[in-house]
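Presented below is the structure to which this report refers.
The values are calculated or read from the model by the stated rules, or taken from the named source; none is laboratory data. Just so it is clear, the model here is predicted, and its values are computed rather than measured. Quick reminder, even Gly has a Cβ in these numbers, built from the backbone with ideal geometry, and neighbours come from all protein chains shown.
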Amino acid sequence: MTEIAPVGGASPYMTFTADEWSELRAFTHLTLSEDDLERIRGINVELSLDEVAAIYLPLSRLLNLHVGASQELYRASDTFLGRLPAKVPFIIGVAGSVAVGKSTTARVLQTLLARWPDHPRVDLITTDGFLYPNAILEERGLMERKGFPESYDRRRLLKFISDIKSGLPQVSAPVYSHLTYDITDEELVVRQPDIVIVEGLNVLQTSIADAANPVFVSDFFDFSIYVHAEVTDVKQWYIERFFTLRETAFRDENSFFHRFASLTDDEAVETATGIWTAINERNLVENILPTKARAKLVLHKGQDHQVTNVELRRL
């Protein structure tokens, strides 16, 4: 373990190499199989069972300890107030850029955490569902800023998280389709799970609070994770993912991006690079990357998508 001290003071983080972090799994057994991994692995994301055991298993152990401590605190408060124990879900936020692998991280954690005996019900919510419908984005001239803070229904997202943390028996979230690139008529119902993982670009941003009610989504998180990689690496992963989608999802006639299915390789590189530079890189640099310092844990990825270092904020 190393500690990097910036100019003017000690670092708020403890930094571990992948090998050092792996040792913290203790006697935790790996409960994932190759079939599980195939199901939850994202597009063009390199992830092996060895990395799950080295990186995500220790993280699931840490989170399990946090969940247990949180449950004890709530029981203590209920005892003090003389009321029956209420079930309050433990909320984990997972942030990071487009194409960095945060969705895969969230799915791996969901699967691992659900196999701990103390919290078998783990729900995963993506903030994509809280984007405004395309009709509203077009009306407001925001289609080219999809994913930026102003493209989200901030009040609805905040109310959703607040209702979950309040212990309401049932809370509904809108569902987003990556095929049609729009909000659907479906809803995802959350019924008092033990843990809720909230994954998205914007979950750690402080710029999405309502000015009249300065409360942030992250105020309701019990733990937060940021998946980080160099901007140049994420750009390359984005282009590689675009190529994969050109051969798969884009070929569906119902796909919003069906027009890209017939692009040549050179055209695909030019198109993906243009989208990345104009939208995703700008959003990353201006709005997403600045939130990294707010996370309790940062997963640093190398060029091969493998986690090289883990930073854990001091308690």
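Residue 129 meets all of the listed conditions (1) over 17 Å from the mean Cα position of the chain (by Cα); (2) within 25 Å of residue 226 (Cα to Cα); (3) part of a helix (DSSP H, G or I); (4) not basic (Lys, Arg) but one, namely (1). The listed residues are 113, 59, 63, 109, and the only one of them that is farther than 24 Å from residue 191 by Cβ, of a type in the set (A, V, I, L, M) and at pLDDT 95 or above turns out to be 59.
Might you check whether a residue that is farther than 15 Å from residue 305 by Cα, modelled with pLDDT of 95 or more, more than 23 Å from the chain's Cα centre (by Cα) and surrounded by fewer than 11 Cβ atoms within 10 Å (Cβ to Cβ) occurs anywhere in the range 11-19? Yes, there is a match, as at least one residue in the range 11-19 is farther than 15 Å from residue 305 by Cα, modelled with pLDDT of 95 or more, more than 23 Å from the chain's Cα centre (by Cα) and surrounded by fewer than 11 Cβ atoms within 10 Å (Cβ to Cβ). Per the listing 282, 246, 259, 314, the residue uniquely buried (at least 16 other Cβ atoms within 10 Å of the Cβ) and not hydrophobic (A, V, I, L, M, F, W, C) is 246. Does residue 169 satisfy the criteria of being in a loop (DSSP other than H, G, I, E, B) and under 15 Å from residue 197 (Cβ atoms)? So residue 169 does not fit the description; no.
Of all residues in the range 173-198, count the ones that are of a type in the set (S, T, N, Q) and under 26 Å from residue 112 (Cβ atoms).
Result for the range 173-198: 1.
Output yes when any residue across the range 58-81 is touching a Lys or Arg at 6+ places or on another chain (Cβ under 6 Å), more than 28 Å from residue 299 (Cα to Cα) and surrounded by fewer than 24 Cβ atoms within 10 Å (Cβ to Cβ), and no when none is. Looking for residues that are touching a Lys or Arg at 6+ places or on another chain (Cβ under 6 Å), more than 28 Å from residue 299 (Cα to Cα) and surrounded by fewer than 24 Cβ atoms within 10 Å (Cβ to Cβ), one finds none in the range 58-81, hence no. The requirement of being touching a Phe, Trp or Tyr at 6+ places or on another chain (Cβ under 9 Å), more than 25 Å from residue 280 (Cβ to Cβ) and without any contact (Cβ under 8 Å) to a residue 24 or more places away in the chain is satisfied by residue 171. Among the residues of the range 289-311, the ones that are out of contact with any strand residue (DSSP E or B) (no Cβ under 7 Å at 6 or more places or on another chain), surrounded by 14 or more Cβ atoms within 10 Å (Cβ to Cβ) and within 19 Å of residue 42 (Cβ to Cβ) come to 2 in all.
Selection within the range 281-298: residues that are β-branched (Val, Ile, Thr) and within 15 Å of the chain's Cα centre (by Cα). The member of this set that is farthest from residue 311 (Cα to Cα) is 288.
Would you list the helices (runs of 4 or more DSSP H) that sit entirely within the range 12-103 and hold 1 or more residues that are of a type in the set (D, E, K, R) and in contact with a Leu (Cβ under 8 Å, 6 or more places away or on another chain)? So that I can check it myself, show each step before the final result.
Details: elements: 18-22, 34-40, 57-81.
In the range 12-103, 34-40, 57-81 are the helices (runs of 4 or more DSSP H) which contain 1 or more residues that are of a type in the set (D, E, K, R) and in contact with a Leu (Cβ under 8 Å, 6 or more places away or on another chain).
Scanning the range 171-181 for residues that are under 19 Å from the mean Cα position of the chain (by Cα) and closer than 27 Å to residue 259 by Cα yields 174, 175, 176, 177, 178, 181. Among the conditions (1) over 30 Å from residue 57 (Cα atoms); (2) touching a residue at least 60 places away in the same chain (Cβ under 8 Å); (3) touching a helix residue (DSSP H, G or I) at 6+ places or on another chain (Cβ under 6 Å), residue 181 misses just one, which is (3).
Among the conditions (1) surrounded by fewer than 20 Cβ atoms within 10 Å (Cβ to Cβ); (2) acidic (Asp, Glu); (3) under 16 Å from the mean Cα position of the chain (by Cα), the only one that residue 199 does not satisfy is (1).
Considering the range 173-270, the qualifying strands (runs of 3 or more DSSP E), each wholly inside and each with 3 or more residues that are in contact with a Lys or Arg (Cβ under 8 Å, 6 or more places away or on another chain) and of a type outside the set (A, V, I, L, M, F, W, C), run over 223-228.
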